[in-house]
Structure formats: structure tokens, C-alpha cells
Amino acid sequence: MARPFYVTTPIYYVNDRPHIGHAYSTVAADVVSRYQRLRGKPTYFLTGLDEHGLKIERRAKEEGLAPQDFVDRMAAPFRLAWEELGCAHDGFIRTTSTQHRENVQALWKLMQANGDIYLDDYEDWYCVGCESFKTEKELLEGNRCPIHQKPVERIKERSYFFRLSRYTQPLLDHFEAHPQFVQPESRFNEVKSFVKEGLRDLSISRTSFRWGVPVPNDPEHVVYVWLDALMNYASALGGPAEEGEAPLYDEFWNSSEAIIHIVGKDILRFHAIYWPAFLMSAGIRLPTQIWAHGWLTVNGEKMSKSLGNFLPPGPLVEAFGADVLRYYFMREVGFGQDGDFSHRNLINRYNGELANGLGNLMNRIVASIVKKSFGGRVPKTKLRSLEEIDRQLVEKARSTSLEVARQFDALAFHRALDAIWELVSAANKYVDSTEPWRLAKQDDQTRLEQVCYTVLETLRWLSIMLFPVMPEKCNELRAQLGMSPLLPTEQVDLWPSAWGGLRPGTQTQTATPLFPRFDESQEQSILERLGVEAPRAEKKKRASAMKENEPEKKPFLEFDDFMKVDLRIALIKEAEKVEKSKKLVKLIVDAGDPEPRQILAGIAEHYAPQDLVGRRVVIVANLRPRKLMGLESQGMVLAASDADGLSILGVDRDVAPGSSAK
Ligand code: MSP
């Protein structure tokens, strides 16, 4: 019997509108919940809004609104954003709801009854941006917050304290006993080191402003906004509550297999230290895992208010569709790592992986051969007469399904997608090798049936494995295969495991292509619409301005000197982006030497690594090797650039690698 599964996002401050950083967390949690639901687990996915605190109170004042009116107004854009992105949350908590306020007070009373709350005077530095106290050690020059860069405020007031210091050892014991409690591991180590230094008691109430939950029996104080906010995860389910009082709390908090909080790396300390300590004090079960993801930059720049580059998800959904954006989020950055959101990379991945990879596989078989040769019906198959090459693809689908499940279980979305794309490539290669169009011409009906069925069934498997990331597209894919949409059902595991689920005779549909390729002019107009690229007319102007500055004239070179340059044709075997570099791609090329050579090329902003593999390029092979970003480059790839971008030099037929160019 599959046990319940609970996954949450942070609750977002409503002082600003949603941006892609928020969207990234919410999509990740939605992918987890869709995956777990497919596996037949009763699943609850919670998101919501953090509506109290000084920051919100001040913002409301700036807007000339009462705090409640302000937060009511700000809730709508978040709800809309998640709907547009296909994030199907089960709960949406707002911390200003009556139920939540009561639950925060109930938690307070439990902690108090345990002797963990006392009143004292307090004086310390406070960052309103973080809604958090800061030690002198943490501050930058000029008493500025290291995250918000703004000066912190000196706070001196009477405050209730939580005996956090008491929980230093219990927390360390818990960490020891639950080695997966925080992910990724490197962040867990940071948390452990912090706790090992010893924890200070924590101020958990304020008297200098009103916008919060009143402290029970002392309404002069409002509860510290982080205690209020963290409680949302239990409160949304109706907790704290005795057994039988709150069914959701019983099911998803107390009896679930997993309680996973997805958070950004900046708020890990609150989740991995304060939250479990509060729960221990109140005698409530702890979450099973806190997963801290990295931060996204936008086209290489940090998002910040001062740069005015907070990227809202809405226009991206409009330009690319929700599923493509979801795919890009999950594919581009290793979950847990920092990464960059680049519009160009998104388009490159779309064209390279979705249009040329999966879309092409679909078109080649469903829209073309199956339609022409079988009137669009799924042909017969005989498992017994599978040839070796068919068997290999079936085996690949099986091993992929196991691997993808393993990676989704570990929230390694990018690895799950890597594995899925290996299967897409294997299926495309299978089509190349079996040449169904030739079989059709030769009237080899039996073999053609087998080949088409093998690809169609692989597509059915893909429609399930990709569903958590691209639910709409997968249902479209299924409609084209003549199948009904996926409808996850509790206690029924829909993950693909048995070959042959697609029934022969099913009528396939050839609707519009799933992922039509963007040509250059579409790409340009999308980038212009999103304000990433200057309009074409302006670019032309810049180009002609460049022409006026003629290319720099270089002195004559003797023929013999030129002949010293070893120009060769090289075949790119592997390509990957160099971590932490905006421009560099690491290439492994065959340049006719006994061993492959490594070249670093500054072309990452213009080419997606996967589009480079298989290309023949011209290199300078005898340039003295040098190190870039700690990696050795053994040569240089030639490329030309103008106002429209950069283009690598190549050859117009498959010249053998290592051939010299003169
Ligand atoms: N309200 C608190 C969370 C309380 S949870 C009990 C909060 N809100 S927030 O709106 O400031 O941030 C919410 C989440 O957005 C955090 O997990 C944060 O890491 C994430 N992000 C904000 N900017 C981000 C990026 N640029 N990239 C990825 N995520 C980022 O903190």
C-alpha cells in the first residue's frame, strides 16, 4: 500500500510580484507531486504566501493601503502565476487566515508548556529584507546585510525568547540519525558546522510593530514572522491537532512516508535548524527532508530590485508555453546548484531537444510512416519475432524507466531528463538504422509493423516518464498516439514497466506538431518581444556603424610564416558548458591525433553544447596550450562575428578529421 506523500514550497513574501526564482521552486514541487501521484501515492502539494512582518507592513504603507488590503491585492498574481505554469497545488495557505493564526498560537502554547519560552530584554541588528537578526560577524562593512547589501537596523526591545540553545545537541543527534535530512550534502555540512558552534536563544516576538499574530496572553507582542511562517507547513493541514481532529494532518503529517520542504539555499538555516527545533519543543513530528535548491541568475546577471530585472514568469509562458518553461527549469540547472536562466539557451534547448529530438521522433513515425502505411492505425507486433536491434531499444526503455524513477525519487530532475533524452536519441537512431521508409518501399510489411510498433510503444513510455515535467504536452502526445490522458489514481502505479501497452489497431491522430521548430526570424521576434534583443532595425544601424570602422589592417605576413599555422578540420565528439563561465564550452575533438584533444571555445552564448556534437570545425592545432578557468585548451576553434552574433567556421562536406586547411 503506497503511503501518503507531502511536498511544499516556501511561502512567498507578498511585498513583490512572483518572479522566476519563485516559479522555479513551485515548478520543482509540482514535478515532485505529479511524479509521486503517478506512482499511486496519495499526495498533497502545498504552496502559499507569507503575509506578515515588518517588510509587508512597510510596503503596504508605501502603497497607501491597510496591510490586509495590500496582501489581498498581492495574492492574486501568485495564484495566477501557478495556474499559468500548470502547478496543481492542493493547498494554498495565506498566513493571515484565521485558521493559521490560531495554529501559530497553538504551537506557541505547546513550546511554552515545554518551558522553552521566556521574556527578556533584547538588543541586536535586524535586516528587514531577511526578517532576521544578524550577528556582528555576519555583517559587511558599514553594518550592511550580506544578502540585501542594505544597512541593518538596531533593535532594542523587550522580547520573548525561544530556548534554541537547548536544542543544539538534539539537532546534531537528529542529523546523525537522518543522513538525508538536508540535501544537497554540501549544504547539510554547512548546517552541521553552524549548529556545532552552539546555538544562541532566539528572539521570537516583537513589540515595535503590529502586523503579525498576537502572542497568546500578551497581545502587545506579535509572533516573530519566521515562527509564524514556518508553521504554515503543519497549519495548512490543520495542525497541531489531536488524532482524529484534522484528517489532512493525520494523513499527510503524521502518517506520511515523506514530508519534503523544497526551499532556496538562502532560507535553509530557518528550515533545517529553527523549524525542527520548534517542532521538537512542541512534540511534533519532524519533516523527513529539506531540499535546498540554488539561485538563478538571468542572462548572467543577478536579479535585483536595483537592476530592475526581476523576471516574471507570465510573459515567458506566453512566449513558449508552460511546459517548455517547466522543461527548461528542470533541465538547465542541476537541482541544488546555482544556474543561469538564459533566453537563448532556452531557445537552443527547445530547438535541439524538443523540436529536433522528441518532436522529430513523433513526426517521423506517427505523422509520416504510420499514417501512410497503416492508415494511421497502430500496427501489430509479435514479441517473439523481435530482432536484436528492436530488443535493444525495448531494453533501453526498461532501463531508462528504472533510472528515471531513481532520479525523480532523489529530486535529481536534470538527471532524470538526461536519461529520458538518451532514450529519445536511441529511438531516433533506431529509426535511422531500421529505415522504415525503405521497408515501406520494399513492401516488407511484417518488418515495418514491428519497427513502427517499437517506436510507438517507446513514445507511450516517454509520455508517462515526461509527464511530471510536461503534463500538457504529454497528454497531447498521448492523444496523437490515440491514448487517453494520464489520470493518476491513488494506489495505482502508472509508471511504465510492461512492454506492449499500446493496443494494435488504435487510431493515431496527426494534429499539429508537438514542438514546431523556431526559425531564426521567430526566434528574433520572441527575443525582441521579451525585451532581450534590440529590434532588428536598431541592430542594422549598429552593424552599419561597425562597417564604417573598417576592420583593423594587420601587417603583411610571409607565406612561410603563414604555413607555420597548423589549421585542421576537427570533428566535435563531446561538448559541455564550463561551469561558472558564461562564455566557455569544453570541446573534445578528433583532430586526427592519436588521442582526442580538449579545446575551450568562447561560444557558449551562441551555441548549445548538444548542437555542437557531430560538427566539423576548423581549428588552429599548434597554438601553445593554455589554461582557461583551470582547464587546458589545446587549440582554438575559428569563428567569425558581426553585429548579428557569432558563427563557427566549418566545411561543406564531411571532410576527414585531421585534414589540413590552407
Ligand atoms: N517568506 C520567506 C519564506 C518562508 S517559508 C516558511 C521567503 N520568501 S521569498 O519570497 O523571499 O523567497 C521565497 C523563495 O524564493 C526562497 O526559497 C528563495 O530562495 C527563492 N528565490 C528568490 N530569488 C531566487 C532566485 N533568483 N533563484 C531561485 N530562487 C530564488 O524567503
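The values are calculated or read from the model by the stated rules, or taken from the named source; none is laboratory data. Quick caveat: nothing in here was measured; it's all calculated off a predicted structure. Cβ: placed from backbone, ideal geometry, glycine included. Neighbour counts: every protein chain shown. For the accessible areas, the whole protein counts, side chains as well, though only heavy atoms, and no ligand, DNA or RNA atoms are used. Shrake-Rupley method; radii C 1.70, N 1.55, O 1.52, S 1.80 Å.
A few comments on the model shown:
- Residue-normalised accessible area of the chain, expressed per residue, 1.4 Å probe, Å²: 47
- Size of the stretch 139-210 from its Cα atoms: along the principal axes, largest to smallest, the extents are 40, 28, 22 Å.
- In the complete set of protein chains, residue-level accessible area for Met629 is approximately 110 Å², probe 1.4 angstrom.
- The GluC sites (Glu not before Pro) of the stretch 576-662 that meet both conditions, a loop assignment by DSSP and at most 16 other Cβ atoms within 10 Å of the site Cβ, are Glu579, Glu605.
- The share of accessible area on the stretch 353-511 that comes from carbon and sulfur is 49 percent, using a 1.4 angstrom probe.
- Within the accessible area of the stretch 176-299 (1.4 Å probe), percent carbon and sulfur: 48
- Under 23 Å from Lys554, Cα to Cα: lysines that are on another chain or at least 8 residues apart: Lys564, Lys662
- Each residue of the stretch 265-280 was assigned a 3J(HN,Hα) from its phi angle through the Karplus curve 6.51 cos²θ - 1.76 cosθ + 1.60 (θ = phi - 60°); the sequence is 4, 5, 10, 5, 4, 4, 7, 8, 10, 4, 4, x, 5, 4, 5, 4 Hz, with glycine and proline shown as x.
- A cut-off under 9 angstrom between Cβ atoms defines the neighbours of Tyr160, and their net charge, with Lys, Arg +1 and Asp, Glu -1, is -1.
- Estimated dipole of the chain in Debye, rounded to 20 [Cβ of Lys and Arg +1, of Asp and Glu -1, Cα centre]: 1380
- Accessible area of Arg460 (1.4 Å probe, protein heavy atoms only, ligands and nucleic acids ignored): about 30 Å².
- With the helix formula -39500 (n - 2.57) applied to DSSP H stretches of n ≥ 4, the chain reaches a computed 222 nm mean residue ellipticity of -11000 deg cm²/dmol.
- Percent carbon-and-sulfur accessible area, the stretch 1-74, ignoring ligands, DNA and RNA, probe 1.4 Å: 48
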